[in-house]
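Participant: Quick one: this structure, given as structure tokens, is what I'll be asking you about.
The values are calculated or read from the model by the stated rules, or taken from the named source; none is laboratory data. A quick note: this is a predicted structure, and the numbers were derived from the prediction, not measured. As a convention, Cβ positions derive from the backbone with ideal geometry for all residues, glycine included, and neighbour counts pool all protein chains shown.
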Ligand SMILES: Cc1ncc(COP(=O)(O)O)c(C=O)c1O
């Protein structure tokens, strides 16, 4: 399924799940339900032992997933099951080393075969992306690059030029995890990114509440919510109600 | 700056986008300052009066005699202020950070030597300092934790993963991602994203440059073999840097074999690892088939790291340097031997290299010349040594 976020119209939602947290069966079940709720895409994490862009919540979830046996193969199977719903595109988010160990070509081929729409690898900046991004593109996968509040204009331009599908705008100077308030200059950053690209722009990192989501209306095309959802699962709760609440804040 | 970021196919900058601008800024500042006479003069003056450089070249006569073979010299980095080569790098980076206008310093530490070195320069310059340290290492290197706190640093325990140096490094990088605008991260070895591996080597090459000069002055020739222990690889690369252009000089890095490389319980990334990405650079790392970084084991906390600097990976691949692994028990025996024969208590990290020097000396025989980078002193390891061998030490050829 191809990735097509509503561009510059409304705001849509991209929830994040860590594959294998708390176990693979739960991810499969929750993922299948979530893609049928009207979300724009599902971001599925493949766990990594040293996730430099992630905060404690996702790091812990990744560790639990690894302890529960969430191998790359097993995560790709879960991705395939969720993608088979054909309800919303599935994006993979992982780090470069698991991809290298799996073999970039094999990873791209298996992900494409699983029906995955694209990949996000936050520790591959544009400078390091040539080989990997081409491999993904050749396999038919979108490659989404990140732009950060610290990115100067030339870096924003390069990330926008390298991205396909959408551009991932990191809203906080920092790692993933809930923040009580988003920085006040988020919308200025989003506006700046738009001057560099016609692709949809998604905002992520630090977004956890319906209130924060509603602040992004008219500025971002999508809001990405991770740690808040992982938190629900950590607490043994179904994240469905939170996702519904976030979805209604998009409207 | 891409052509400067790699050592052959190794190195690079695999970090979140948030850090990329800071790495550019650091690279620019570093390239400027390394040509800047004001900076270099300040560094040289502080090295002399604060670190105690140049450190001596020492003829280890009794070890030479004991091994019955090659002549052994030590480059005495244990005599640097705070007890190890780590201060060479910490001081250099602190001066750099001050000139870049950074207001806060963070660091990671394994054995605590780099943490102590960083806390020391931060005390000297009045900079707030946070050191990340694995909870397991805090237990093993308790004295160094107390030293850091005494110096005014905040030591933050890291309990994720294996609660050792790998996890402390990941945590420090996450702190940096969050506070990158006003914080400088003093990485403790030749690891991490560019420009760190090259910058730390240049700050540590003072070891090799001094040693080469001193060796020529006292021996009228170059050593045949230069040996150093390899954790991330900073004391070794600093030493090697002085000799890498001398084709007659063999370079040997000694990694931590732990309980034996074949047991899987070790920290020998070059000897027993595969190419992959850890902490921002592509090098040899210990990982499973899925690319998950493996837990390591070494009795020496400063060697207990699943990766190695990318320049070492290149030197290994080129065959310019060779790498071996020495096990825990061999390191402990070498610690005792050196302490009793030379009256110099080596760090457990250094002890790994001393064991290998013994093997080489016997093999190479009289007339051959070996130079060891004596990376640090062993006071911090008393506790560990006593716990693995609580009674009096067996004395091998030592004073009775
Ligand atoms: C005394 C000593 N030697 C060696 C090392 C290993 O580090 P590197 O390989 O960077 O020199 C350490 C690290 O803490 C150390 O304290």
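Participant: Among the helices (runs of 4 or more DSSP H) lying completely within the stretch A:1-90, list those that include at least 3 residues that are over 15 Å from the mean Cα position of the chain (by Cα) and farther than 18 Å from residue A:239 by Cβ.
Facilitator: In the stretch A:1-90, A:56-67, A:72-83 are the helices (runs of 4 or more DSSP H) which contain 3 or more residues that are over 15 Å from the mean Cα position of the chain (by Cα) and farther than 18 Å from residue A:239 by Cβ.
Participant: When the residues of the stretch A:71-80 are filtered to those that are crowded, with 18+ Cβ neighbours inside 10 Å and away from every other protein chain (no Cβ under 14 Å), which remaining residue is nearest to residue A:13 (Cα to Cα)?
Facilitator: A:79
Participant: Quick check on my filter: what residues within the stretch B:357-382 are within 15 Å of the ligand (Cβ to nearest atom) and either surrounded by fewer than 24 Cβ atoms within 10 Å (Cβ to Cβ) or free of Cβ contacts under 8 Å to residues at least 60 places away in the same chain (or both)?
Facilitator: Scanning the stretch B:357-382 gives B:377, B:378, B:379, B:382.
Participant: Please return the ranges of strands (runs of 3 or more DSSP E) entirely within the stretch B:1-112 where 2 or more residues are in the same structural domain as residue B:232 (by the TED database).
Facilitator: It comes to B:57-59, B:71-76.
Participant: Test residue B:259 against the stated conditions and say whether it is within 11 Å of chain A (Cβ to nearest Cβ), touching a strand residue (DSSP E or B) at 6+ places or on another chain (Cβ under 8 Å) and farther than 22 Å from residue B:194 by Cα.
Facilitator: For residue B:259, the condition - within 11 Å of chain A (Cβ to nearest Cβ), touching a strand residue (DSSP E or B) at 6+ places or on another chain (Cβ under 8 Å) and farther than 22 Å from residue B:194 by Cα - is not met.
Participant: Exactly one condition in (1) surrounded by fewer than 24 Cβ atoms within 10 Å (Cβ to Cβ); (2) in a strand (DSSP E or B); (3) within 16 Å of the ligand (Cβ to nearest atom) is not met by residue B:283; state its number.
Facilitator: That leaves (1) as the condition not met.
Participant: Here's a follow-up. Which residues, counting only those in the stretch B:297-322, are surrounded by fewer than 24 Cβ atoms within 10 Å (Cβ to Cβ) and closer than 15 Å to residue B:110 by Cβ?
Facilitator: Across the stretch B:297-322, the qualifying residue is only B:297.
Participant: From the residues in the stretch B:270-280 that are farther than 17 Å from residue B:258 by Cβ and without any contact (Cβ under 8 Å) to a residue 60 or more places away in the chain, which one is surrounded by the fewest Cβ atoms within 10 Å (Cβ to Cβ)?
Facilitator: If we take residues in the stretch B:270-280 being farther than 17 Å from residue B:258 by Cβ and without any contact (Cβ under 8 Å) to a residue 60 or more places away in the chain, then B:274 is surrounded by the fewest Cβ atoms within 10 Å (Cβ to Cβ).
Participant: Among B:294, B:222, which is surrounded by fewer than 24 Cβ atoms within 10 Å (Cβ to Cβ) and either within 16 Å of the ligand (Cβ to nearest atom) or within 17 Å of residue B:167 (Cβ to Cβ) (or both)?
Facilitator: After applying the criteria, what remains is B:294.
Participant: State yes or no: is residue B:251 within 21 Å of residue B:374 (Cβ to Cβ) and either away from the ligand (no atom under 13 Å from the Cβ) or free of Cβ contacts under 8 Å to residues at least 40 places away in the same chain (or both)?
Facilitator: In short, yes.
Participant: Condition first: under 16 Å from residue A:165 (Cα atoms) and within 14 Å of chain B (Cβ to nearest Cβ). Now tell me which residues in the stretch A:99-128 satisfy that.
Facilitator: A:120, A:121, A:122, A:126
Participant: Turning to a different aspect of this structure: If you go through the stretch B:177-186 one residue at a time, do you hit one that is within 16 Å of the ligand (Cβ to nearest atom) and in contact with a helix residue (DSSP H, G or I) (Cβ under 6 Å, 6 or more places away or on another chain)?
Facilitator: Among the residues of the stretch B:177-186, at least one is within 16 Å of the ligand (Cβ to nearest atom) and in contact with a helix residue (DSSP H, G or I) (Cβ under 6 Å, 6 or more places away or on another chain), which makes the answer yes.
Participant: Taking residue B:316, is it away from the ligand (no atom under 16 Å from the Cβ) and either touching a strand residue (DSSP E or B) at 6+ places or on another chain (Cβ under 9 Å) or outside the structural domain of residue B:71 (by the TED database) (or both)?
Facilitator: No.
Participant: Next question. Within the stretch A:158-173, how many residues turn out to be closer than 11 Å to residue B:18 by Cα and either within 16 Å of the chain's Cα centre (by Cα) or surrounded by 24 or more Cβ atoms within 10 Å (Cβ to Cβ) (or both)?
Facilitator: Residues in the stretch A:158-173 being closer than 11 Å to residue B:18 by Cα and either within 16 Å of the chain's Cα centre (by Cα) or surrounded by 24 or more Cβ atoms within 10 Å (Cβ to Cβ) (or both): 4 in total.
Participant: Of all residues in the stretch B:285-330, how many are within 13 Å of another protein chain (Cβ to nearest Cβ) and free of Cβ contacts under 8 Å to residues at least 60 places away in the same chain?
Facilitator: 9
Participant: Test each condition in (1) in contact with a helix residue (DSSP H, G or I) (Cβ under 8 Å, 6 or more places away or on another chain); (2) more than 13 Å from chain A (Cβ to nearest Cβ); (3) at positive phi for residue B:264 and report the one that comes out false.
Facilitator: Only one criterion is unmet by residue B:264, namely (1).
Participant: To continue, here is another question. Exactly one condition in (1) in contact with a helix residue (DSSP H, G or I) (Cβ under 8 Å, 6 or more places away or on another chain); (2) crowded, with 22+ Cβ neighbours inside 10 Å is not met by residue A:68; state its number.
Facilitator: (2)
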